[in-house]
Amino acid sequence: MDSWNYFDTFAVHHMNLSLSLFASLPSRVQDLILIMAAESSETDGPRSFMPAELQHPHSKYSQWKFKLFRVKSMEKAPLPSEAQPQIGASLGIPPPTAPNIETDHGAGLASVMKLCLGGKSKENVEGPGRRVDMKLQEMETHMNHLRGLCRICGMAVRKVKGPVHEVHGDLDEASKCVLRKMGCKFTSWPEVLLKVFKVDVTDDVESIQPLFFCHRCWLAAIRGGGVCSFTRTKVPEWKPHTSHCYLCFPKKSSFQRTGRKRRKVVPKVQSLAKRARWDHSDHSTVGEKKAQKPFGDRHSSGLKTWKKSSIQREQWVKNITHCQNDHLNTKLIAEKLPGDFIISFTCLVCDHLLCDPVQAPCGHLFCRSCIIKFTHVLGPHCPACNFSCAPDELIPPAKTFLSTLYSLPLLCPCEGCGEHVQLGVFKAHCLNHEFEKGENRHSSQFQNYLLINKGGRPRQHLLSLTRRAQKHRLRDLKSQVKVFADKEEGGDLKSVCLTLFLLALRSGNEHRQADELEAMMQGRGFGLSPAVCLAIRVNTFLSCSQYHKMYRTVKATSGRQIFQPLHTLRAAEKELLPGFHQFEWQPALKNVSTSYNVGIINGLSGWTSSLDDSPADTITRRFRYDVALVSALKDLEEDIMEGLRDTGMEDSACTLGFRVMIKECCDGMGDVSEKHGGGPAIPEKAVRFSFTIMSVSIQGEDDQEEVTIFTEPKPNSELSCKPLCLMFVDESDHETLTAVLGPIVAERNAMKESRLILSIGGMLRSFRFYFRGTGYDEKMVREMEGLEASGSTYICTLCDSGRAEAAQNMVLHSITRSHDENLERYEIWRTNPFSESVDELRDRVKGVSAKPFLETQPTLDALHCDIGNATEFYKIFQDEIGEVYKRPNPSREERRSWRAALDKQLRKKMKLKPVMRMNGNYARRLMTMEAAEVVCELVPSEERREALRELMRLYLQMKPVWRATCPAKECPDQLCRYSFNSQRFADLLSSTFKYRYNGKITNYLHKTLAHVPEIIERDGSIGAWASEGNESANKLFRRFRKMNARQSKAFELEDVLKHHWLYTSKYLQKFMEAHKDSAKAFQATIDSEEIHDDEDVTLEITEF
């Protein structure tokens, strides 16, 4: 016989037996059974559950499983609600109709068979609700295990001494201070753990990963400085809870794993309730020791007692949702309403009143936050019916339901109130109580009771709405403010609104924003102009990224665009850089393009090279000379017009044009290579050619006297020395230097023979340029004029004197050299027309051995003269300490000992550190009477001390004459006595210090004693035409190079040249001067007359 037929016959037999037993029961008992069967088949409110087989009516999974495992189907019996309708049907009672459920006719006999056989399991007896509770219990146990483990190393937290630390928390002050000292600037633990242990904890959840880490891992993170780990900590891989979880169901017990002996059985230990491996419910903080009582005390509170299923479920849900302080309890409902009615407004997860309710596809209602947390931990299933419920499938309930929910009457919990308040306005009512009492103890409680949803979706903030929605929400307030403005303020609605905003800021102690708003209301609260932002960026040496970061930070913190963006600054740069203004040359310049919009060009672009010449191994960038001069004049436009007004010159009288004096400077900057990177240090020398507009003058028609309308107030400042050409060239390389400066010389010579037509003050004006190449040191002058090196017999670049002649006659010399004469002497040197020998030819040309290529003014450079004389005095001090006048030929070791003694004395008495090479700062401090007195302490003879003091005193009386910008005004007495002092100085050198100056003299001492009066009589000044401005700009080159660090040196040189030009802009300097002292600038705008009077007094006192 077939086994399946046997089972069917057996099932029918037992079914008949059950019906006969039912018929033998009394009638009342039969009616009660039928009523209970009918009730059990229907859904019992929102807390009822459907069988698992009926959850998916269109699924054929149950049939497929039944056909595949026929014998195994006896193990799963149907629920009672599945069998009762069949019993009722056999008795003539129609079964209850279930919507959206199809009856599986094919499984009828098998269901009867399974019921009669009495097959049991967790699923068919306990139901889905019980299965959810068991799953919650498993999750609670799993989470208890996780709470006792370390997130990083996986060890038990209780086994490590020290406090535990929260994974998602911020750094405490102690840890932050320690890490900050080690260079770590992180503020939260997730950043530190990611850097040290290479694990990302930002997405950790409580049901999968532990939320704490032990003190041992904390020490590892601290010792690594928040950057690396010096331990071999292996971070475990945390997985979600499953039926084979290694935490809840370990494979081996501890005594089997370690081989320890089994402990003695504690008496009556079987009667104890099972605990987790460690339970944190007995102690408040993680890491503290548990306070447990001995096992022998049966009535002690330390024993774990069994809880009811409803209480246990509520505790599990609390640990998942954490909404006890956020949602309202159903006990606050004032009226006594039916229980089923209250259940319909209760969240099926947390049993609180619905807050921001959402509806699942199955029709059940939950709080939005509760169902999201619940499904995240236990999976996307409805907690009521176990139906699929994904977060994106949640929808808001009907508006009719929401209006009924928000109209529920609640009893106010405030003491002494007892008022019935609707749910929709419950929080506002409680906050009114709080404001009346002036207490803040319930603020956090009532703040959480705010109902977010008022119409089916979360209420959005006012600023996040569209303009139309904002108008709709504020329409009542707007009408009230408008009525007030029409009645009280004459309809000035804007002033009323701004004043309300200002008062709100003041009441909130936000005085900074209030001051900005008040300044804007007064018309002075706008952002900085692009020119001011450009001046700030250039004068503070900010790179593009640094300025952009400052711009974003200020805009984010203040909420206003105070600084302008970079593209606005680039537009402002174009007006200040050469190549923006139109001009014309009459006649046109020879071999120079007539275009005016020429910016930075390659310095070798105008170099005409032949086929035999190799390309120059250098990088150079420059402006075109005429374009740069036009930009510099436009920069001085305001000063020129102000000079015309001050001198009373009218535009009609300015017919003969303007006369512009240009000072040219050129000097090497030394080694400018970057001091980083590996390998040997390769010297990278650079040269700068710059110019300064010294004065602008005009000559009228009536009187032929020339009137100066502009004079550079600071001719030796780096702010007035405008760069024209930058090149990576060694100044000793005569060929390359000549090739690079050749185009500049050609443009310079062409501009001498033409005049510039440029618009100044709205009118076209004529300018002629006069160039003076005075800002060169001794070495550069000899390079440009084709003279021999500094050690030559012909020591002077101004006269033809030899070294022996200059030492014999130190004072009586005159200027005889010039650029034209040097050119003629070079032709004689090149052609040798008289067929002379080398010595005779050299004596005829007076040391000219190369072709002069750039015209220089025969003058004295004050800065290098001061440095050269200080070097000579430094050697005189050494000789006087060693008494060289007694021993004419000392050894090298003796000279080293004298120099060491001098350096030690200067460092001890004057804080002067020894230098390898004399510089300007060291020279200024060395050439003082104080330094002479310090050196005299080491000189043995009193007579030599007096001679040394007299020599220093005479030098200090002569020094202001060549250092002053205008010696006739600044030091007239020293100027009148200069010839006498120089003669006395020369007598001392030739008598007292004859041992050193017997037949020889240095170049700068010769120029100081012989040529200073003649130069001042010709030019009026020596110090104003010095190269100090070009030398002071050397440090700017290095700063601008760091500011514009780029991979290509060509682009780097362009950026340095551009920002150096902007740094010297008079237009930007005025903005910086105006913002240095804002109080004075603001006072000057209020009362200008008083300020001008004060300035006049100050100037008079200074001149006096």
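The values are calculated or read from the model by the stated rules, or taken from the named source; none is laboratory data. A quick note: this is a predicted structure, and the numbers were derived from the prediction, not measured. Heads up, the Cβs are rebuilt from the backbone with ideal geometry, glycines too, and the neighbour counts pull from every protein chain shown. In case anyone asks, the SASA skips ligands and DNA or RNA and just uses the protein heavy atoms, side chains included. Shrake-Rupley method; radii C 1.70, N 1.55, O 1.52, S 1.80 Å.
Orientation-averaged projection of the range 468-510 equals 3.5 nm² [convex hull of Cα atoms, one quarter of hull surface area]. Whole-Hz Karplus values for the range 939-948 come out as 7, x, 8, 5, 5, 5, 5, 5, 5, 5 Hz, taken residue by residue from phi with 6.51 cos²θ - 1.76 cosθ + 1.60 and θ = phi - 60°; glycine and proline positions read x. Ranking Lys1007, Lys478, Lys911 from most to least accessible surface, computed with a 1.4 Å probe over the protein chains only, gives Lys911, Lys478, Lys1007.
Using a 1.4 Å probe on the protein heavy atoms, what percent of the accessible area of the range 469-522 belongs to carbon and sulfur? Within the range 469-522, the accessible surface is 56 percent carbon and sulfur. Potential lengthening of the chain between Asp843 and Glu883 amounts to 10.7 nm, from the contour at 0.36 nm per residue minus the alpha-carbon distance.
Applied to the range 413-423, the Karplus parametrisation 6.51 cos²θ - 1.76 cosθ + 1.60 on θ = phi - 60° returns per-residue 3J(HN,Hα) values of x, 5, 5, x, 9, x, 8, 8, 10, 5, 4 Hz, with x for Gly and Pro. In the structure shown, the pairs Lys482/Lys549; Lys959/Lys994; Lys181/Lys913; Lys176/Lys1049 are assessed against 31 Å; a Cα-Cα span above that value is assigned to Lys482/Lys549; Lys181/Lys913; Lys176/Lys1049. Averaging the sequence gap over all C-alpha pairs within less than 8 Å and six or more residues apart, then dividing by the number of residues, gives the range 861-1008 a relative contact order of 27 percent.
Order of 175-184, 204-213 by packing, highest average Cβ count within 10 Å first?
Values: 175-184: 14.9, 204-213: 19.2.
The densest-packed peptide leads the list: 204-213, 175-184.
Summing +1 for each Lys or Arg and -1 for each Asp or Glu among the other residues whose beta-carbon sits under 13 angstrom from that of Arg844 gives -4. Given a 1.4 Å probe and the protein chains as shown, Arg512 ends up with an accessible area of around 130 Å².
Take 402-415, 553-566 and order them by the average number of nearby Cβ atoms within 10 Å per residue, most first; the result is 402-415, 553-566. FRET efficiency for the Glu894 to Asn1034 pair, using the beta carbon distance and R₀ = 30 Å, is estimated at 0.25. Projected label points at Arg512 and Thr871, each 7 Å from Cα along the beta carbon direction, are separated by 5.4 nanometres.
Peptide packing for 992-1005, 1015-1028 was compared via the average number of neighbouring C-beta atoms within 10 Å per residue; ordered from the highest value, the list is 1015-1028, 992-1005.
Once the Cα-Cα distance is subtracted from the 0.36 nm per residue extended length, the Val425 to Asp903 segment shows a gain of 163.4 nm. I'd like the distance between the alpha-carbon centres of the range 333-390 and the range 553-583, rounded to an integer number of Å. Here the two parts' Cα centres lie 58 Å apart.
Sorted largest first by accessible area at a 1.4 angstrom probe radius, with every protein chain in place, the residues Thr871, Thr708, Thr618 fall in the order Thr708, Thr871, Thr618.
Computed 3J(HN,Hα) for the range 728-743, one whole-Hz value per residue from the Karplus formula 6.51 cos²θ - 1.76 cosθ + 1.60 where θ = phi - 60°, is 8, 9, 7, 5, 7, 7, 5, 5, 5, 4, 5, 5, 6, 7, x, x, glycine and proline marked x. The shape of the range 325-422 comes out prolate: with a ≥ b ≥ c from the C-alpha gyration tensor, a/c is at least 1.5 and a/b beats b/c. Relative contact order of the range 135-223: 44 percent, from C-alpha pairs under 8 Å at least 6 residues apart in sequence. Using a cutoff of 8 angstrom between alpha carbon atoms and counting only pairs six or more residues apart, the relative contact order for the range 325-422 works out to 25 percent.
Within the range 907-1023, the proportion of Cα pairs with more than 26 Å between them is 26 percent.
Using alpha carbons only, how many angstrom separate the centre of the range 1006-1027 from the centre of the range 894-936? For the range 1006-1027 versus the range 894-936, the Cα centre distance is 28 Å. The order of Lys574, Lys487 by accessible area, most exposed first and with a 1.4 Å probe, is Lys487, Lys574. With K and R counted +1 and D and E -1, the other residues having a Cβ less than 11 Å from that of Ile709 yield a net charge of -2. Remark on the range 135-223: hydrodynamic radius 13.6 angstrom, per the Kirkwood mean of 1/r across alpha carbon pairs.
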